[in-house]
Amino acid sequence: MFGWLRLLAVAAVVLLASWGVLVLLARRLPPGLLRDLAAFLPACVTAARRLRGHPAVPRRAKVALLVAVVWTLSPIDLLPEFLPVIGPLDDIVVIALALRYAARAVPREVLAEAWPGEPRLLERLLDGRRRRPETVAGPPSTTESNEDTGNA
């Protein structure tokens, strides 16, 4: 009995130590794409958790965010986490889709307030939410002005 407990304790210590090493290595990454990727998933989970408690977020968005956080924290995945590079891919896709879904109903200021990372990463995530510039009405074309004046 004590052998199993000792083995479980050793496994927990090894897991926590490996997480600590990964966090330290991620903090030492130079600025760039790898650092952005290392910070993206934790920032998404933190933003989803913060948005779940915000009164401006509608219930359907809160449910989507809850499902995404549970999916990310769950040990059961479509792609096993031990696969290099593609292991956390399903988590990233699920949380990004949930945040984009919630972003359609949440004011931009609330999203920016909940986002713990760099604002440019949030802008990259919500790229599809960019406001298109309104077209400025220019001078009427010659055909329109001729039709208005009755000259053809």
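Please treat every number below as a calculation from the coordinates, not as lab data. Please read all numbers here as calculations on a predicted model, not as lab measurements. For neighbour counting, all protein chains shown are included, and Cβ atoms are generated from backbone atoms with ideal geometry for every residue, glycine included.
Checking every one of the chymotrypsin sites (Phe, Trp or Tyr not before Pro) in segment 1-42 against DSSP loop status and a limit of 15 other Cβ atoms within 10 Å picks out no site at all. Within segment 1-84, the trypsin sites (Lys or Arg not before Pro) that combine a DSSP coil assignment with at most 11 other C-beta atoms in a 10 angstrom radius are 28. A DSSP coil position with no more than 14 other Cβ atoms inside 10 Å describes the following chymotrypsin sites (Phe, Trp or Tyr not before Pro) in segment 50-123: 82.
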